[in-house]
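> Let me give you the structure first, and then I'll get to my questions.
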Amino acid sequence: PAQEYAVKFESYTGGKFTFESDAVENVPAYLALFKQAGIPAIRGKAVPRSDGDYAVWVEYPVKTGKEGPRPQYSVARYDSRETFPFDKDAQKASLARLPAFKAAGVPALSNIVRPEGSDFSFSVDFLVANIYQQGGVIPSAAIETYQAPETYTFDTEAKKAMAEKAAAFNAAGLGVVGSSLSGSLGSFTYSIDYVAKAGQPGPGPGHQQR
């Protein structure tokens, strides 16, 4: 017989807006993102954040069976490793990353700027479909990191190699959502964050789950 499901309601809170009116204005966009992913969001509203700003709160239904809730999707967060001297630069970079998440099959829900020492970075919340198997649930995708084994004398060489490797990843269906240089003169290297699908072969040595 078909398994019977009840429904319970979960909620998601995301985004960071200076004014309550801005959060209210963005509620329809958040609801639309859930619906595009196949999640019938019920309602949304502006809510205060602990830092004095505002966020968007969305309520959505989740199937629940004998073993507990069986959500079709989960929300995951990507913390960029890139840093910027000004918050407006981090905000601009985060907005530029959002299409990469959608293209990789993990639609972005919201982007937020966060302090990183004396600089700024950003995070992106995104939706991941759940795959239910005997013994548990696994995410359909996860963000992993490729750390280049090579080092370069100059940052320009490392940047060129990083761009070429990122293009190769994208061509292979490993959607790149971030990359960054590290090191100093004589020993620059780079890392690439990419979306790996469950069961998809990785790029070989140098990759790790974030």
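The values are calculated or read from the model by the stated rules, or taken from the named source; none is laboratory data. Not measured: the values here are computed from a predicted model. FYI the Cβ positions are ideal-geometry reconstructions off the backbone, even for glycines, and counts take in every protein chain you see. For accessibility, only protein heavy atoms count, side chains too; no ligands or nucleic acids. Shrake-Rupley method; radii C 1.70, N 1.55, O 1.52, S 1.80 Å.
> Would you point out which residue out of ALA171, ALA148, ALA161, ALA166 is at pLDDT 90 or above, touching an Asp or Glu at 6+ places or on another chain (Cβ under 8 Å) and of a type in the set (A, V, I, L, M, F, W, C)? Can you show your working first?
Values: ALA171 fails: touching an Asp or Glu at 6+ places or on another chain (Cβ under 8 Å); ALA148 fails: touching an Asp or Glu at 6+ places or on another chain (Cβ under 8 Å); ALA166 fails: touching an Asp or Glu at 6+ places or on another chain (Cβ under 8 Å).
From the options ALA171, ALA148, ALA161, ALA166, the qualifying one is ALA161.
> Determine the pairs where a residue that is under 15 Å from PRO99 (Cα atoms), located within the range 24-37, has a partner that is surrounded by 13 or more Cβ atoms within 10 Å (Cβ to Cβ) and not aromatic (Phe, Trp, Tyr) with Cβ atoms under 6 Å apart, the partner being 6 or more residues away or on another chain.
Short answer, once both residue conditions are applied: LEU33/LEU109; ALA37/PRO107; ALA37/LEU127.
> Next up: From the list PRO40, PRO28, pick out the single residue that is closer than 20 Å to PRO107 by Cα, in contact with a Pro (Cβ under 8 Å, 6 or more places away or on another chain) and loosely packed, with under 15 Cβ neighbours inside 10 Å. I'd like the intermediate steps shown before the answer.
Values: PRO28 fails: in contact with a Pro (Cβ under 8 Å, 6 or more places away or on another chain).
None of the other options fit; the residue is PRO40.
> Of all residues in the range 94-118, which are of a type in the set (Gly, Ala, Ser) and part of a helix (DSSP H, G or I)?
Pass one, the range 94-118, residues of a type in the set (Gly, Ala, Ser): 94, 96, 100, 103-105, 108, 110, 117-118.
Across the range 94-118, the qualifying residues are SER94, ALA96, ALA100, ALA103.
> Hey, among the residues in the range 69-81 that are more than 21 Å from VAL176 (Cβ to Cβ) and assigned to a loop (DSSP other than H, G, I, E, B), which one's most open to solvent (accessible area, probe 1.4 Å)?
Checking each candidate, the answer is GLN72.
Residue-by-condition table, conditions (1) among the hydroxyl-bearing types (Ser, Thr, Tyr); (2) closer than 19 Å to TYR73 by Cβ:
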| position | (1), (2) |
| --- | --- |
| LEU127 | no, yes |
| ASN130 | no, yes |
| SER140 | yes, yes |
| ILE143 | no, yes |
| THR153 | yes, no |
| LYS159 | no, no |
| ALA168 | no, no |
| GLY173 | no, no |
| VAL177 | no, yes |
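> Sticking with this one: Within the range 4-23, restricting attention to residues that are within 26 Å of ALA90 (Cα to Cα) and either free of Cβ contacts under 8 Å to residues at least 60 places away in the same chain or over 20 Å from the mean Cα position of the chain (by Cα) (or both), which residue is least open to solvent (accessible area, probe 1.4 Å)? It would help to see each step written out before you state the result.
Residues of the range 4-23 within 26 Å of ALA90 (Cα to Cα): 12-23.
Filter once more, so that each one left must be either free of Cβ contacts under 8 Å to residues at least 60 places away in the same chain or over 20 Å from the mean Cα position of the chain (by Cα) (or both): 13, 17-23.
On the way: THR13: 74, PHE17: 34, THR18: 90, PHE19: 126, GLU20: 93, SER21: 76, ASP22: 57, ALA23: 0 Å².
Per the stated criteria, the residue is ALA23.
> Additional query: Go through the range 93-140 residue by residue and tally those that are β-branched (Val, Ile, Thr) and either under 13 Å from SER80 (Cα atoms) or within 11 Å of the chain's Cα centre (by Cα) (or both). Spell out the reasoning first.
So the first thing to find is which residues in the range 93-140 are β-branched (Val, Ile, Thr), and the list is 106, 112-113, 124, 128, 131, 137-138.
If we keep only those that are either under 13 Å from SER80 (Cα atoms) or within 11 Å of the chain's Cα centre (by Cα) (or both) as well, we get 106, 112-113, 124, 128.
So the answer is 5.
> GLY44 versus (1) in contact (Cβ under 8 Å) with a residue 24 or more places away in the chain; (2) at negative phi; (3) out of contact with any Lys or Arg (no Cβ under 9 Å at 6 or more places or on another chain): which is the lone unmet condition?
Tallying (1) in contact (Cβ under 8 Å) with a residue 24 or more places away in the chain; (2) at negative phi; (3) out of contact with any Lys or Arg (no Cβ under 9 Å at 6 or more places or on another chain), GLY44 fails exactly one: (1).
> Kindly check whether there is at least one residue in the range 28-35 that is touching a Leu at 6+ places or on another chain (Cβ under 9 Å), within 30 Å of SER182 (Cα to Cα) and at pLDDT 90 or above. Spell out how you get there, then give the answer.
Looking only at the range 28-35, we keep the residues that are touching a Leu at 6+ places or on another chain (Cβ under 9 Å), and these are 30, 33-34.
Now narrow it down to the ones that are within 30 Å of SER182 (Cα to Cα): none.
There is no residue in the range 28-35 that is touching a Leu at 6+ places or on another chain (Cβ under 9 Å), within 30 Å of SER182 (Cα to Cα) and at pLDDT 90 or above.
> Please specify each residue of the range 82-107 satisfying the condition of being buried (at least 19 other Cβ atoms within 10 Å of the Cβ), closer than 17 Å to VAL195 by Cα and without any contact (Cβ under 8 Å) to a residue 40 or more places away in the chain.
Answer for the range 82-107, where residues must be buried (at least 19 other Cβ atoms within 10 Å of the Cβ), closer than 17 Å to VAL195 by Cα and without any contact (Cβ under 8 Å) to a residue 40 or more places away in the chain: just SER94.
> Name the residues in the range 93-149 that are out of contact with any helix residue (DSSP H, G or I) (no Cβ under 7 Å at 6 or more places or on another chain) and among the polar types (S, T, N, Q), would you?
SER94, SER110, SER118, SER123, ASN130, GLN133, GLN134, SER140, THR145, GLN147, listed by residue number.
> One residue is enough: does the range 119-138 have a residue meeting the conditions open to solvent by less than 20 Å² (accessible area, probe 1.4 Å), part of a helix (DSSP H, G or I), at pLDDT below 95 and closer than 21 Å to ALA196 by Cα?
no
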